[in-house]
Amino acid sequence: QGELVESGGGLVRPGGSLRLSCAASRVIFRFNTIGWYRQAPGKQRELVATITTYGAQDYSESVKGRFTISRDSAKSTVDLQANTLKPEDTAVYYCHALDSTFWGKGTQVTVSS
C-alpha cells in the first residue's frame, strides 16, 4: 500500500462519466494540497485540478465545468468526478501531494467509441 493510491479508471464512451478516487495516508491528506494530473501518450504530464486542505478548488481550462474535485476527510480520499468526457481526456491520471515527492502509480482513463 503506497502513500497515494488511485482507482476508478476505465473505458468510457464520449460524453460519459467516471469517478476517480485517490486514497491518501492520513498525514498526507491532512497537511497537503492534493492534485490530479494526467499524462497522455507522447505528451507531458499536466495538472488537471487541485484541492487545498480547506477545500479550495482550482481547475485547468480544459476541464473546467466538466470535472469536479472533492475531498472526504472521513475516508482520506480525494475524488475527481469527470463528466462529459472527450477522447482528448484519454490519459493516465495520477494524484500527487503538492510540496512533497509523493505520487500515485496512476489509473488509465480511455475515452473511445
* **Sulfur and carbon atoms: percent of accessible area, the chain [1.4 Å]** => 49 percent
* To do: Among Tyr37, Thr52, Gly10, pick out the residue whose Cα is farthest towards the positive end of the charge dipole of the chain, where Lys and Arg carry +1 and Asp and Glu carry -1 on C-beta, about the Cα centre.
  => Gly10
* Give me the percent of DSSP beta bridges within the chain that run antiparallel, rounded to the nearest 5. => 90 percent
* Ranking by accessible area, most exposed first, for Leu98, Leu85 with a 1.4 Å probe -> Leu98, Leu85
* Structure fact -> Computed D for the chain, Stokes-Einstein, Kirkwood radius over alpha-carbon pairs, 4 °C, 1.567 mPa s, to the nearest µm² per second, is 94 µm²/s
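The values are calculated or read from the model by the stated rules, or taken from the named source; none is laboratory data. What you see is a predicted model; the values in this text were computed from it and never measured. We place every Cβ from the backbone using ideal geometry, glycine too, and count neighbours over all the protein chains shown. Just so you know, the surface numbers come from the protein's heavy atoms only, side chains and all, with ligands and any DNA or RNA stripped out. Shrake-Rupley method; radii C 1.70, N 1.55, O 1.52, S 1.80 Å.
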